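The values are calculated or read from the model by the stated rules, or taken from the named source; none is laboratory data. The model shown is predicted, which means the values in this text are computed figures rather than measured ones. When we count neighbours, we look across all protein chains shown, and the Cβ atoms used for this are built from the backbone with ideal geometry, even at glycine. Ligands, DNA and RNA are stripped out before the accessible areas are found, and what is left, the full protein with its side chains, is counted by its heavy atoms. Shrake-Rupley method; radii C 1.70, N 1.55, O 1.52, S 1.80 Å.
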Amino acid sequence: MNITLFFASLSPEPWVQGLQQAFPEAAVSAWVPGAPPADHAIVWAPPQQFIDEQPGLQTLFNIGAGVDALLQLRLPPSLKVVRLDDAGMSVQMAEYVCHAVIRHFREFDAYDTDTQAGKWSFRKPRSRADFAVGVMGLGVLGERVAKALQVFEFPVNGYSRSPKEVAGVRCFSGAQALPDFLAASRVLVNLMPLTPETENILNHATLSQLPQGGYVINVARGKHLVEDDLIALINKGHLAGATLDVFRTEPLPAAHPFWQHPKITVTPHTSARTLREESIAQIVGKIRTLGRGEPIQGLVDTVRGY
Ligand code: NAP
Ligand code: GLV
């Protein structure tokens, strides 16, 4: 069995070694143009040429949860596309989002400013009941985030495409429920996949439906958010601010207004990193499961887009 790897912005070498160790009976190598075709591929954002040179490819394993870059390519209809199914990402995402929500709720940025000025002053405690957090996307990551927020007793709303039930979460589903979901959520956390339906979904019309003082946390994809609309709503005082981990252009250009905006916190697409050992273990397990002719978790519906 041949396994090939291609990562757009990461050295494949430690992965080749780790996979070869975990899967001694396979021939594992990093792809170069013209390399012999493989049975399985492990990728992040490969070029079309990679796909075109793999006529016998059975499975395309993405080393991330979001497959939007893969679904831009022309893929043979028989090719199975498989996403990482948590593999250590959901706990990181829960950590990141809880940190961002709590930092905003407890006004820690303002305390930092006071500390730097040597100022000892208290702020009035805010009411948790007024800080419902709306998690947009209740999948592998969103559901974990919703559960983590409940530990801190924030009211939690959830929004998904199809109806869902998550204990303790007020669930909304479908486009017709979006206005009610937004109006009920003081903090909005985006954890939807990027698809034609969700591109630009965080725009002036939708973000205006958050309550006065709303706060936005985007940890999914930059193309969900119309960046100028967010800035306009913060500057006119409707929104209190945002924590953003993903951007329309990455790395975020040096002159981008997000960097200097006092109410926007920027991180470099790091909220839930791919963990190599966990990912290799998961992918090897899935190749073995497929080899036994059994079903696997994490198959992408390429028509639905996630
Ligand atoms: P997932 O398991 O596929 O879950 C996606 C959720 O979004 C599902 O609940 C789905 O609804 C919902 N959804 C999809 N389209 C929708 C629509 N049009 N309207 C309403 N809800 C919709 O995905 P995941 O593993 O949780 O990951 C989510 C995204 O996070 C990834 O696609 C990726 O872009 C991003 N991500 C970012 C980082 C980072 O470091 N910043 C790391 C990992 C992932 P149903 O339940 O009805 O299907
Ligand atoms: C990262 O952004 C991922 O999709 O895993």
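Please calculate how many Å² of accessible area the stretch 191-247 carries per residue, with a 1.4 Å probe and no DNA, RNA or ligand atoms counted. Don't skip to the end; give the middle numbers.
Numbers: 1930 Å² over 57 residues.
Accessible area per residue, the stretch 191-247: 34 Å².
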> For the stretch 1-76 and the stretch 137-184, what is the separation of their C-alpha centers, rounded to whole Å?
Replying inline: 34 Å
>> Between helix 140-151 and the chain, what is the angle of the helix's C-alpha long axis to the longest principal axis, kept within 0 to 90° and rounded to the nearest 10?
In response: 30 degrees
> What is the log10 of I(q)/I(0) for the stretch 146-219, computed with the Debye formula using one identical point scatterer on each Cα and no solvent, at q = 0.21, 0.25, 0.27 Å⁻¹?
Replying inline: -1.01, -1.42, -1.58
> Which distance in Å, rounded to a whole number, links the C-alpha centroids of the stretch 256-306 and the stretch 84-115?
Replying inline: 19 Å
> DSSP beta bridges in the chain, what fraction antiparallel, as a percent rounded to 5?
Replying inline: 0 percent
>> Pairs of alpha-carbon atoms within less than 8 angstrom and 6+ residues apart define the contacts here; what relative contact order does the stretch 89-266 have, in percent?
In response: 16 percent
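Using a probe radius of 1.4 Å on heavy atoms only, what accessible surface per residue do you get for the stretch 39-88? Whole Å² is fine.
Details: 1950 Å² over 50 residues.
Accessible surface, normalised per residue, equals 39 Å².
Ignoring ligands, DNA and RNA, what percent of the 1.4 Å accessible area of the stretch 89-266 is carbon and sulfur? Could you put the intermediate results ahead of the total?
Values: 4720 of 8630 Å².
The C+S portion of the solvent-accessible surface of the stretch 89-266 is 55 percent.
How high is the relative contact order of the chain, given as a whole-number percent (alpha carbon pairs under 8 Å, six or more residues apart)?
The normalised contact order for the chain reaches 16 percent.
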>> So if I take the alpha carbon set of the chain, get Rg, then get Rh from the Kirkwood formula, what is the Rg over Rh ratio?
In response: 1.01
> Long-range amide H contacts for THR265: which residues qualify at under 5 Å (H placed 1.01 Å from N, peptide plane, sequence gap of 5 or more or a different chain)?
Replying inline: ALA242, THR243, LEU244
> So how exposed is SER208, as accessible area in Å² (1.4 Å probe, rounded to 10)?
Replying inline: 40 Å²
>> Just want the answer: with Cβ charges of +1 for Lys and Arg and -1 for Asp and Glu, which residue in ALA205, TYR96, ALA129 is farthest toward the dipole's positive end in the stretch 89-266?
In response: ALA129
>> With unit charges on the beta carbons (Lys and Arg positive, Asp and Glu negative) and the dipole taken about the Cα centre of the chain, which residue among LEU84, THR115, ILE287 sits farthest to the positive side?
In response: THR115
>> For a quick check of your reading of the filter: which trypsin sites (Lys or Arg not before Pro) in the stretch 96-147 sit in a DSSP loop and have no more than 11 other Cβ atoms within 10 Å?
In response: LYS119, ARG123
>> Once you place label points 7 Å from the Cα toward the Cβ at ASP130 and SER173, how far apart are they in nm?
In response: 3.4 nm
> So what does GLU197 come to for accessible area, using a 1.4 Å probe and Å² rounded to 10?
Replying inline: 130 Å²
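Measuring with a 1.4 Å probe in the full set of protein chains, what accessible area per residue, in whole Å², belongs to the stretch 111-163?
Details: 3190 Å² over 53 residues.
Accessible area per residue, the stretch 111-163: 60 Å².
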> Once phi is turned into ³J(HN,Hα) by the Karplus curve 6.51 cos²θ - 1.76 cosθ + 1.60 with θ = phi - 60°, what whole-Hz value does each residue of the stretch 71-86 show in order, with x for glycine and proline?
Replying inline: 6, 6, 8, 7, 10, x, x, 7, 6, 7, 9, 10, 8, 6, 10, 6
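In the stretch 1-84, which trypsin sites (Lys or Arg not before Pro) are in a loop and have at most 13 other Cβ atoms within 10 Å, using DSSP for the loop call?
On the way: sites: ARG74, LYS80, ARG83; in loops: ARG74, ARG83.
Of the trypsin sites (Lys or Arg not before Pro), the ones in loops of the stretch 1-84 whose Cβ has at most 13 other Cβ atoms within 10 Å are ARG74.
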>> Could you compute how much accessible surface ASP39 exposes when probed at 1.4 Å, giving the result in Å² to the nearest 10?
In response: 50 Å²
> Roughly how big is the chain's charge dipole about its Cα centre, with Cβ charges of +1 (Lys, Arg) and -1 (Asp, Glu), in debye to the nearest 20?
Replying inline: 720 debye
> Protein chains only, probe 1.4 Å: how do VAL151, VAL284 rank by accessible area, largest first?
Replying inline: VAL151, VAL284
> Shape of the stretch 89-266 from its Cα gyration tensor (a ≥ b ≥ c, root eigenvalues): rounded if a/c is under 1.5, otherwise prolate when a/b > b/c, or oblate?
Replying inline: oblate
> To the nearest 20 debye, what charge dipole does the stretch 237-306 have about its Cα centre, counting +1 at the Cβ of each Lys and Arg and -1 at the Cβ of each Asp and Glu?
Replying inline: 80 debye
